[in-house]
Every structure is written in C-alpha cells, then in structure tokens.
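Student: Just dropping this structure here.
None of the figures in this text is laboratory data; all of them are computed from the coordinates on show. Note that the structure is predicted; figures quoted are calculated from it, not measured. Positions of Cβ are backbone-derived with ideal geometry, glycine not excepted, and every protein chain shown enters the neighbour counts.
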2 protein chains.
Amino acid sequence: MNIDEGMQAAIDEMKKGLAEGGIPIGSALVVDGRVVAVGHNKRVQDGDPITHAEIDCLRNAGRLGAGSFHRATLYSSLMPCFLCSGAAVQFGIKKVVVGESRNFPGAPGFMRGHGIEVIDLDVPECVEIMAKFVRDQPHLWNEDIGV
Amino acid sequence: MNIDEGMQAAIDEMKKGLAEGGIPIGSALVVDGRVVAVGHNKRVQDGDPITHAEIDCLRNAGRLGAGSFHRATLYSSLMPCFLCSGAAVQFGIKKVVVGESRNFPGAPGFMRGHGIEVIDLDVPECVEIMAKFVRDQPHLWNEDIGV
C-alpha cells in the first residue's frame, strides 16, 4: 500500500466531510503529478443528491479540457459508484485509485471494461471511517447510493 | 412522437441554455406525473465540466429519496452520455425519454443493460438545434463529451 499525495488529499477530504457532518468520502484529481482539484460528498451539506465526492472534485477541477482529463488519475477514498464511474468513462480518465471497496463494491468492472486501470489500495483508515459511518447512519448511506 | 409535459420542459430548458450562450441540452424529472425538477447544461455558464443537463436537473430535484427516483422518468433533449446514464443507473431511475440521438449516440445500451427503459422520440426541433450547435461550436461540444 502506497499512500501517495493524491490518496492523502482524498483522505483529508474524507475527514473534512465527516467533520462537516456529511458522508465521509473524499476525492482528488492528479494531472502530471500535481493535485489540481479536491472534493468531498456534499449530499448533507448542500442538500444535493448528485454531489458525490468525485463529482465535487471534477467540478472543482473546472474546464481543464479533454487533454488534461485523459492524463489524469482520479483518487477516491471509496470505490466509485456508477455515477462517478460514468464520469471517469465519459471524460476519458485512464486511471482510478481508490482507498477501499469493502464497504461498497462500486463499479470497477464497468470502468475496467472501458479501459480504465483501477487500483484498490485497501487503506485501513478508509475502511474504518466508512464502516463506522455505514453502521451509524445506514439510512443516509442508502440514500446516497440510491437504495 | 408524443411531446408530453416532461419533454416540453426539457426542450424549454434546452432553449434557455442556448439563450444563455451555453450548450443547448435540457432535462426534466417527472415523478408521479408531475415535473419536479428541470435543468440544463451549464459548462459555459458556470465553468463547470460536470453540470450536464441531467446532472443539473437531478441536483435541482434535491434529496427526494430513493423511492421517488425509482418512480421517476428522466427526460433529456439528447441521449445521455455515460456520466448521466451512470446517474440514472445508480439512482435506480427506471425510464429515460430523450429528444434525439442523431447528434450523439450516448449510452442507451449501458442503461438498457441495467434495466432502464429508454425511449427516443426523435424530435425534429431537438435534432435541428443541436445539429446547428455542433456545427457552429465543434470544440465546445467535443470538450463537453470529453474528446
């Protein structure tokens, strides 16, 4: 397990979301070795069902253009769902690095089927924070993934 | 072809986006026969790469909860891309009605593979407005779909 700058930024965002009373999922976008944007889930904070961590991060990245997205690595503390995986597929992101997939399987098969390299670091801290959240607030978590 | 209230709302949003100097794609969400939210692409207006029409619409819908999404029909003036199709798949939307898919194939196979009913009304007005936009601003359109 190698917690590089991108994953550390995603973990920091995860904790920021938790501190705000939100769903603790964080994300970061790295282009050419540099963190260009971060974000975290804002369902609770903004009353917004669409602002998953990766969506917030990509929005914060702004209009980088397709060239940058094609060279980007998207980090997330949790395996992306179909919404966020769909964003990675549509924008041609080639690599997705996640903190864990124990608390949510997400859509790695869908991403890999579209040529994205998906790496799961299985970071104990990510697993623990998310496991506690799912245990403590199951209704909120189910709402976030649409079940 | 039956332009019902949902499709008319999506077309109205499409024209609103065009009038704002944006990418002319509009969307509406109908739950239990009522339009509960509308939205349009805001890449240009907000400098936001993620706010496709359907994403804007779902954000505007707010935290309806999974039950409402499962009974919802998502309308779009154009066949949804993988990002927006991923949103429909993740949130368990069962029906997607689109204005056209001549200017962009989108991801109907992905949606249908996840049990979503996809109906393409092939509305001439949607085809014409989008065709003109793609012809006039190809770089902006390519940026929107990540190519």
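Student: Mind telling me which of A:ALA61, A:ALA19, A:ALA87 comes out most flexible in a GNM of chain A, alpha-carbon contacts under 10 Å?
Tutor: Comparing A:ALA61, A:ALA19, A:ALA87 in a Gaussian network model of chain A, the most mobile one is A:ALA19.
Student: Roughly what would the spin-label model give for B:GLN137 and A:ALA131, points 7 Å off Cα along C-beta, in nm?
Tutor: About 4.9 nm, to one decimal.
Student: Right, something else. Just need log10 I(q)/I(0) for segment B:7-147 at q = 0.21 Å⁻¹, Debye formula, equal scatterers on the alpha-carbon atoms, no solvent, rounded to two decimals.
Tutor: -1.29
Student: Under a Cβ-only charge scheme (Lys and Arg +1, Asp and Glu -1), can you give me the dipole magnitude of segment A:3-57 about the Cα centre, in debye to the nearest 20?
Tutor: Computed charge dipole of segment A:3-57: roughly 140 debye.
Student: Additional query: Smallest Cβ-to-axis distance in chain A, for the rotation taking A to B: which residue, how many Å?
Tutor: Here the value is A:GLY86, 1.
Student: How well do other chains shield peptide A:40-49, expressed as the mean number of their Cβ atoms within 10 Å of each residue Cβ?
Tutor: Per-residue shielding by partner chains comes out at 3.
Student: Write out the GluC sites (Glu not before Pro) in segment B:20-100 meeting two conditions: DSSP loop, and at most 15 other Cβ atoms within 10 Å of their Cβ.
Tutor: Answer by residue number: B:GLU20.
Student: Which value in nm describes the separation of the simple spin-label points at B:ASN2 and A:GLU5, placed 7 Å from the Cα toward the beta carbon?
Tutor: Placing both labels 7 Å along Cα→Cβ, they lie 5.7 nm apart.
Student: For segment B:94-147, rounded, prolate or oblate, judged on the Cα gyration tensor with a ≥ b ≥ c (square roots of eigenvalues), a/c < 1.5 rounded, else prolate if a/b > b/c?
Tutor: Note, shape of segment B:94-147 comes out oblate.
Student: How would you rank A:LEU140, A:LEU29, going from fewest to most other Cβ atoms within 10 Å of each one's own Cβ? Walk me through the intermediate numbers first.
Tutor: Details: A:LEU140 15, A:LEU29 26.
If I rank by nearby Cβ atoms, fewest first, I get A:LEU140, A:LEU29.
Student: Give, to the nearest whole percent, the P(r) tail of the protein assembly as shown beyond 37 angstrom, counting all Cα pairs. Kindly include the intermediate steps, with their values, before the conclusion.
Tutor: Details: 4168 of 43071 pairs.
For the protein assembly as shown, the fraction of Cα-Cα distances above 37 Å is 10 percent.
Student: Using a 10 Å cut-off on Cβ to Cβ distances, tally the other chain neighbours for every residue of B:89-101 and report the average as a whole number.
Tutor: Taking all residues of B:89-101 together, the mean is 3.
Student: Quick one: with label points 7 Å out along Cα→Cβ, list the inter-copy distances for B:ARG71 in nm, shortest first?
Tutor: Label point to label point, same position, other copies: 5.0 nm.
Student: Let me ask something else. Quick one: which residues, 5+ away or cross-chain, put their amide H under 5 Å from the amide H of B:LYS95? H built at 1.01 Å from N.
Tutor: Long-range HN contacts for B:LYS95: B:LEU74, B:GLU117.
Student: Mind checking which aspartates and glutamates have their Cα closer than 18 Å to the Cα of B:LYS132? Skip sequence neighbours fewer than 8 apart in that chain.
Tutor: B:ASP12, B:GLU13, B:GLU20, B:GLU100, B:ASP122, B:GLU143, B:ASP144
Student: Could I ask something else about it? Please identify, among A:ILE50, A:ILE25, A:ILE93, the residue showing maximal mean-square fluctuation in a Gaussian network model of chain A using a 10 angstrom Cα cutoff.
Tutor: Highest fluctuation among the options: A:ILE50.
Student: Among A:VAL38, A:VAL96, A:VAL134, which one shows the biggest mean-square fluctuation in a GNM of chain A, springs joining Cα atoms closer than 10 Å?
Tutor: Checking each option, the largest mean-square fluctuation is seen for A:VAL134.
Student: Still on this model: Determine the dipole magnitude for chain A: charges of +1 sit on the beta-carbon of Lys and Arg, -1 on that of Asp and Glu, nothing else is charged, the reference point is the Cα centre, and the result goes in debye to the nearest 20.
Tutor: 380 debye
Student: Further question: If you place +1 on the Cβ of every Lys and Arg and -1 on the Cβ of every Asp and Glu, how big does the dipole about the Cα centre of segment B:24-81 come out, in debye to the nearest 20? Let's see the in-between values first.
Tutor: Working: 6 positive and 5 negative charges, 25 e Å.
Its charge dipole is roughly 120 debye.
Student: Based on DSSP, what percent of beta bridges with both residues in the protein assembly as shown are antiparallel, to the nearest 5?
Tutor: Close to 60 percent.
Student: Rounded, prolate or oblate: which one fits segment A:1-83, using the alpha carbon gyration tensor with axes a ≥ b ≥ c (rounded when a/c is under 1.5, else prolate when a/b beats b/c, else oblate)?
Tutor: The shape class here is oblate.
Student: In nm, one decimal, shortest first: how far is the label point of A:ASN142 (7 Å from Cα along Cα to beta carbon) from the matching points in the other copies?
Tutor: Spelled out, the distances from A:ASN142's label point are 4.7 nm.
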